[in-house]
Every structure is written in structure tokens, then in C-alpha cells.
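**Q** Can you read through this structure? Questions will come right after.
The values are calculated or read from the model by the stated rules, or taken from the named source; none is laboratory data. Computed from a predicted structure; not experimentally measured. In this analysis, Cβ positions are derived from the backbone assuming ideal geometry, glycine residues included, and neighbour counts consider all displayed protein chains.
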Amino acid sequence: MLEVKIHKLALNSPVMTASGTFGYGEEFADFVDFSRLGGIVVKGTTKDHREGNAYPRMAETPKGMLNAVGLQNCGVDSFCQNIYPRIKDYGTNVIVNVGGSSIDDYCEVAQKIAVLDHIPAIELNISCPNVKKGGMGFGTDPQMAMQVVKEVRKVYDKTLIVKLTPNVTSIVDIAKAVEDAGADAVSLINTLLGMAVDVERMRPVLSTVTGGLSGAAVKPVAVRMVWQVAHAVKIPVIGLGGISKAADALEFLMAGARAVQVGTANFINPSVTMDIVDGLTDFCRRHNINDINDIVGII
């Protein structure tokens with residue numbers, strides 16, 4: 001009933017977790033049955049160890065949150081040696097989000113992940129607004145986006161998902177560019193660039209001044225962009241941005257997403273993905289839908 005496909009990936013359900021909000025999955029093992037998820041996208045992985053940005057780097061906002069973590073992670077070599085052996089047998093698709101400061105960095109990380117038998121896909125992060133070099137810089141220009149995807153495609157032959165930034169004039173142009181460059185799927189949206197001010201101290205709340213806005217506040221923008229991209233490309237679209245219940249996920253699916261990722265809501269309710277899977281099952285039964293693919297893109 002809930003099975004979907006993203007390129008070569010067979011997903012047990014269209015519900016996935018978003019990078020940076022689910023750690024490496026271990027933290028949620030007591031709350032989530034991984035086999036019911038379509039996949040887990042682990043936190044962003046870069047060539048070298050990164051401490052991330054200085055604190056404070058998270059702030060609550062109305063209906064959402066700002067973050068400027070800055071891709072804090074242990075580096076790809078440590079991931080392969082120490083983390084991969086612990087998470088490779090989850091019973092779902094484990095996908096690595098790949099970040100970089102240069103095209104060579106992206107390619108080196110992709111090559112090292114490619115040899116891991118139990119990692120069937122990567123999510124190329126060309127859309128992070130919280131790093132000074134690379135990140136969103138590659139995702140805001142169609143030519144740069146095309147170039148980085150082309151180079152990674154040369155060294156990576158498994159499923160390649162590209163994560164798109166909403167901080168552009170036309171996300172459709174970026175989506176078409178990465179499709180032409182060889183992407184197997186796109187995921188969108190990453191966070192919207194935002195800012196908060198501490199008026200009593202008369203200074204920005206975040207150490208980086210600006211950060212990425214996520215949560216329920218961004219959902220209408222995300223649904224609109226997913227709908228636009230799904231009508232413009234032939235590759236599968238994965239939707240994310242403010243999903244906290246089954247009805248939210250259904251909006252994205254009906255707008256054209258083949259699967260969805262749940263992010264900020266994991267911080268509020270660690271078993272939210274299970275609630276969403278249950279809600280999708282209930283919806284299909286109430287509407288006599290035998291295959292959830294039948295509602296994908298009906299809008």
C-alpha cells in the first residue's frame with residue numbers, strides 16, 4: 001500500500017527523515033521502527049572533521065526554528081570506520097548527506113561513501129545556508145549546480161539525490177540543471193535564510209547573524225516549490241519542509257512528491273514518523289486507495 005520507488009531505491013513507505021534532524025538514527029531507536037521508514041538521511045558528512053559554527057546557533061521562532069549549526073560532523077573517514085558499522089543494518093535505506101567546500105571535496109566524499117555496500121544513495125547538499133564556503137553557493141547558480149553534479153556523477157554510480165535550496169529566484173531552473181547533469185532525484189526544500197534579533201541585548205540571536213528557517217512556517221513555500229519542480233522534471237521529487245503530521249505529508253505527495261522527509265518535527269516528537277506512517281495507512285484505507293502512488297501528483 002505505501003511502497004514507493006526513488007530511482008533504484010525501493011522504499012517501504014514514502015516517509016523518510018531529513019538530514020541534520022535525526023542524527024545517525026541511533027538516538028531514535030527506542031521510538032522508531034526503522035523498517036517502516038522509506039529511509040534515513042544521516043547528518044551532513046564532509047571531507048574533514050567540522051566543529052560547526054560558534055554558539056548560539058539555534059533559536060526558536062513562531063512556528064519554526066532557526067539553525068546555524070554549520071555541518072558539524074566527524075568527517076567521512078571517521079564515518080566510514082566508526083559510524084557505518086553501527087548503522088548499516090537498520091532494515092531501511094540509509095542515505096548519507098554529502099557536503100563540501102569545493103567540487104573536489106564533494107567528489108572525494110562521494111567516492112568513499114560509494115564503496116560502502118549498505119549505503120545505496122547519497123544526498124548531495126548544494127543548499128546549506130550555514131557554511132561560509134561551498135554549500136548554498138553551488139545551489140544558487142544553475143551552471144555551478146550542474147558542474148558539481150556532473151563531477152560527482154563521474155565517481156558515483158549509485159542513486160544520486162540532489163538537495164535544492166529555496167533561496168533562489170527560480171528553483172525550477174536549478175532542478176532542470178541538476179537533472180540534465182545526471183541527478184536521479186531531487187529533494188526540496190532546504191531551509192529558508194532567516195534572522196532573529198535579541199531586542200533587549202540589541203544584537204542578533206545567532207552567532208552567524210543569519211541562519212536556516214525550518215518548521216511549519218515554511219510548509220506553504222515548500223509545497224509550492226515541490227509542485228513547480230514536479231511539473232518541470234522527469235526525475236522523482238522528495239518533498240520536505242514543515243511536515244509534522246500525515247496531512248502535511250499528503251499535501252506534498254499530492255503536489256507531486258514521490259516521498260517526503262520529516263525534519264524539525266523530530267525534535268518535538270521523536271516518534272512523529274511512526275504517527276505519519278500510521279496516518280497515511282489510515283488515509284488510504286478510508287479512501288479505498290490500494291497504492292499510495294495513485295495520489296502522487298494529482299494536483
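**Q** Given (1) closer than 23 Å to ILE6 by Cα; (2) modelled with pLDDT under 95; (3) out of contact with any strand residue (DSSP E or B) (no Cβ under 7 Å at 6 or more places or on another chain), where does THR169 come up short, assuming only one miss?
**A** THR169 satisfies every listed condition except (1).
**Q** Among what's in the stretch 17-50 and is polar (S, T, N, Q) and under 17 Å from the mean Cα position of the chain (by Cα), pick the residue that is surrounded by the fewest Cβ atoms within 10 Å (Cβ to Cβ).
**A** Keep residues of the stretch 17-50 that are polar (S, T, N, Q), which gives 17, 19, 21, 35, 45-46.
Filter once more, so that each one left must be under 17 Å from the mean Cα position of the chain (by Cα): 17, 19, 21, 45-46.
Values: THR17: 29, SER19: 28, THR21: 19, THR45: 26, THR46: 25.
Taking the candidates together, the pick is THR21.
**Q** Another question, then. Go through the residues of the stretch 208-221 one by one and say whether even a single one is without any contact (Cβ under 8 Å) to a residue 40 or more places away in the chain and assigned to a loop (DSSP other than H, G, I, E, B). Quick ask: steps written out before the conclusion?
**A** Looking only at the stretch 208-221, we keep the residues that are without any contact (Cβ under 8 Å) to a residue 40 or more places away in the chain, and these are 209, 219-220.
Remaining after also requiring assigned to a loop (DSSP other than H, G, I, E, B): 209.
Within the stretch 208-221, one or more residues are without any contact (Cβ under 8 Å) to a residue 40 or more places away in the chain and assigned to a loop (DSSP other than H, G, I, E, B).
**Q** Scan the stretch 233-255 and give yes if some residue there is loosely packed, with under 15 Cβ neighbours inside 10 Å, without any contact (Cβ under 8 Å) to a residue 12 or more places away in the chain and outside any helix (DSSP H, G or I), otherwise no.
**A** The answer is no, given that none of the residues of the stretch 233-255 is loosely packed, with under 15 Cβ neighbours inside 10 Å, without any contact (Cβ under 8 Å) to a residue 12 or more places away in the chain and outside any helix (DSSP H, G or I).
**Q** Further question: Collect the residues in the stretch 154-177 that are part of a helix (DSSP H, G or I) and in contact (Cβ under 8 Å) with a residue 40 or more places away in the chain, keeping them in residue-number order. Can you show your working first?
**A** Going through the stretch 154-177, the residues part of a helix (DSSP H, G or I) turn out to be 154-155, 171-177.
Answer for the stretch 154-177, where residues must be part of a helix (DSSP H, G or I) and in contact (Cβ under 8 Å) with a residue 40 or more places away in the chain: LYS154, VAL155, ILE171, VAL172, ALA175, LYS176.
**Q** Going by the conditions given, is THR210 hydroxyl-bearing (Ser, Thr, Tyr) and crowded, with 16+ Cβ neighbours inside 10 Å?
**A** Details: hydroxyl-bearing (Ser, Thr, Tyr): yes; crowded, with 16+ Cβ neighbours inside 10 Å: no.
No, not satisfied.
**Q** Just to verify a result, which residue in the stretch 269-297, among those that are among the charged types (D, E, K, R) and part of a helix (DSSP H, G or I), is nearest to ALA257 (Cα to Cα)? Spell out the reasoning first.
**A** Our first condition is that a residue be among the charged types (D, E, K, R); within the stretch 269-297, this holds for 275, 278, 282, 285-286, 291, 294.
Next, only the ones that are part of a helix (DSSP H, G or I) stay: 275, 278, 282, 285-286, 294.
Numbers: ASP275: 19, ASP278: 19, ASP282: 19, ARG285: 20, ARG286: 21, ASP294: 12 Å.
Taking the candidates together, the pick is ASP294.
**Q** Would you mind stating whether VAL172 is closer than 18 Å to GLY44 by Cβ, more than 17 Å from the chain's Cα centre (by Cα) and not basic (Lys, Arg)? Step through it out loud before you land on a result.
**A** Values: closer than 18 Å to GLY44 by Cβ: no; more than 17 Å from the chain's Cα centre (by Cα): yes; not basic (Lys, Arg): yes.
Against the criterion (closer than 18 Å to GLY44 by Cβ, more than 17 Å from the chain's Cα centre (by Cα) and not basic (Lys, Arg)), VAL172 does not qualify.
**Q** Being under 19 Å from GLY242 (Cβ atoms) and assigned to a helix (DSSP H, G or I) is the filter here, so list the residues in the stretch 33-63 that pass it. Break it down stepwise before answering.
**A** Step one: of the stretch 33-63, the residues under 19 Å from GLY242 (Cβ atoms) are 37-38, 41, 58-63.
Listed by number, the list is empty, since nothing qualifies.
**Q** Also, quick follow-up: Quick one: in the stretch 64-94, which of the residues that are touching a residue at least 60 places away in the same chain (Cβ under 8 Å) and part of a loop (DSSP other than H, G, I, E, B) is surrounded by the most Cβ atoms within 10 Å (Cβ to Cβ)?
**A** ALA68
**Q** Which number in (1) over 18 Å from the mean Cα position of the chain (by Cα); (2) in a loop (DSSP other than H, G, I, E, B); (3) small (Gly, Ala, Ser) marks the one condition that GLY194 misses?
**A** Going through the list (1) over 18 Å from the mean Cα position of the chain (by Cα); (2) in a loop (DSSP other than H, G, I, E, B); (3) small (Gly, Ala, Ser), GLY194 breaks only (2).
**Q** Can you pull out every residue in the stretch 256-299 that is hydroxyl-bearing (Ser, Thr, Tyr) and crowded, with 23+ Cβ neighbours inside 10 Å? Please lay out each step first, then the result.
**A** At the first step, the residues of the stretch 256-299 found to be hydroxyl-bearing (Ser, Thr, Tyr) are 264, 271, 273, 281.
Within the stretch 256-299, THR264, THR273 qualify.
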